[in-house]
Amino acid sequence: MHKLIAAILLLQTTAWGPQDKATKLPRLWLPTATPVIAGETSWPLDAAQRRKLGKVLRLRRGDELRVFDGGMGEWLASYEDDRVVAKERTREPTPATPLELFFAPIKKKRTSLLIEKAVELGATRLRPVRTQRTERASIQALPAPGFTTAAVAASEQSERLDVPLLEAIVATEAVKTDLP
C-alpha cells in the first residue's frame, strides 16, 4: 500500500515539473497588447499593484517577479518603484482550451469562491444565468462583467497564463449551446 501511495505521489510531483527558484517568485498579471522585448518593455503600476508588491509581498527595488498574460506568456521581470521591467521569457504563450462555465448566481462570498475554483479548473469564460429561482440579491452581488479580482488572484496562484472573463448575466432561454 505504501509503495502505491509513493508511486502516485512521485508521478504527480514529476507531472508538475521542476521546482526551481523562478517558480517560487510572485506572479503579477499585467495585460498587454504590444510585443514584449527583454530589457526594454516596462509596465507602469497602479496604486493597488504598487501596494501589493511593496507592502504585501515586501518586494524591494530590483527584486524579481514573474509577469504574465495569455498573449505574451510569462516573463521574468524586475520590480522598480513605480514600474516592472521585463528581463527574459520563461514560458511561451499557449492557447487555452475553451471551457465555459454556466452558473446560477449565488451569495456574494460563495460567488467569489465559485469563480476562484472555476479558474483553477481551467474555465475560460464564466457565464452567469438567471433562472426561475434566482434571487435579486444574488444578481446584485455579482461582480461587474470583465476581469474580477477573484479570477486574477486564482490565475496568479494556479500558474495559468490567461484570466477568464466574467460575462453579463443572461436569461436561461438566451443560452445557446451545442449540447443535446
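The values are calculated or read from the model by the stated rules, or taken from the named source; none is laboratory data. This one's a predicted model, so the numbers in the text were calculated from it and none came from an experiment. Counting neighbours? That spans all protein chains shown, and the Cβs are built from the backbone with ideal geometry, glycine included. Only protein heavy atoms, including side chains, enter the accessible area calculation; ligands, DNA and RNA are left aside. Shrake-Rupley method; radii C 1.70, N 1.55, O 1.52, S 1.80 Å.
Odds and ends about this structure:
- Of all the numbered requirements in (1) touching an Asp or Glu at 6+ places or on another chain (Cβ under 9 Å); (2) over 30 Å from Thr41 (Cα atoms); (3) not β-branched (Val, Ile, Thr), Lys117 misses one, and that requirement is (1).
- Filter result for Leu99 (surrounded by fewer than 14 Cβ atoms within 10 Å (Cβ to Cβ) and either touching a Pro at 6+ places or on another chain (Cβ under 6 Å) or under 21 Å from Glu120 (Cβ atoms) (or both)): yes
- Flag not set for Arg160, criterion: among the charged types (D, E, K, R) and closer than 22 Å to Thr172 by Cβ.
- Checked against the criteria, Ser78 does not count as closer than 27 Å to Arg61 by Cα, open to solvent by less than 60 Å² (accessible area, probe 1.4 Å) and touching a helix residue (DSSP H, G or I) at 6+ places or on another chain (Cβ under 7 Å).
- Qualifying position, being of a type in the set (A, V, I, L, M) and part of a strand (DSSP E or B), among Leu142, Leu76, Leu114: Leu76
- Filtering Ala104, Ala137 for residues that are among the small types (Gly, Ala, Ser), at pLDDT 85 or above and more than 16 Å from the chain's Cα centre (by Cα) leaves a single hit, Ala104.
- Checking Arg66 against (1) modelled with pLDDT under 90; (2) under 14 Å from Leu30 (Cβ atoms), the condition it does not meet: (1)
- When residues in the range 158-180 are screened for being within 9 Å of the chain's Cα centre (by Cα) and either surrounded by 17 or more Cβ atoms within 10 Å (Cβ to Cβ) or without any contact (Cβ under 8 Å) to a residue 24 or more places away in the chain (or both), 5 of them pass.
- When the residues of the range 10-36 are filtered to those that are in a loop (DSSP other than H, G, I, E, B) and under 14 Å from Val84 (Cβ atoms), the one that is modelled with the lowest pLDDT is Val36.
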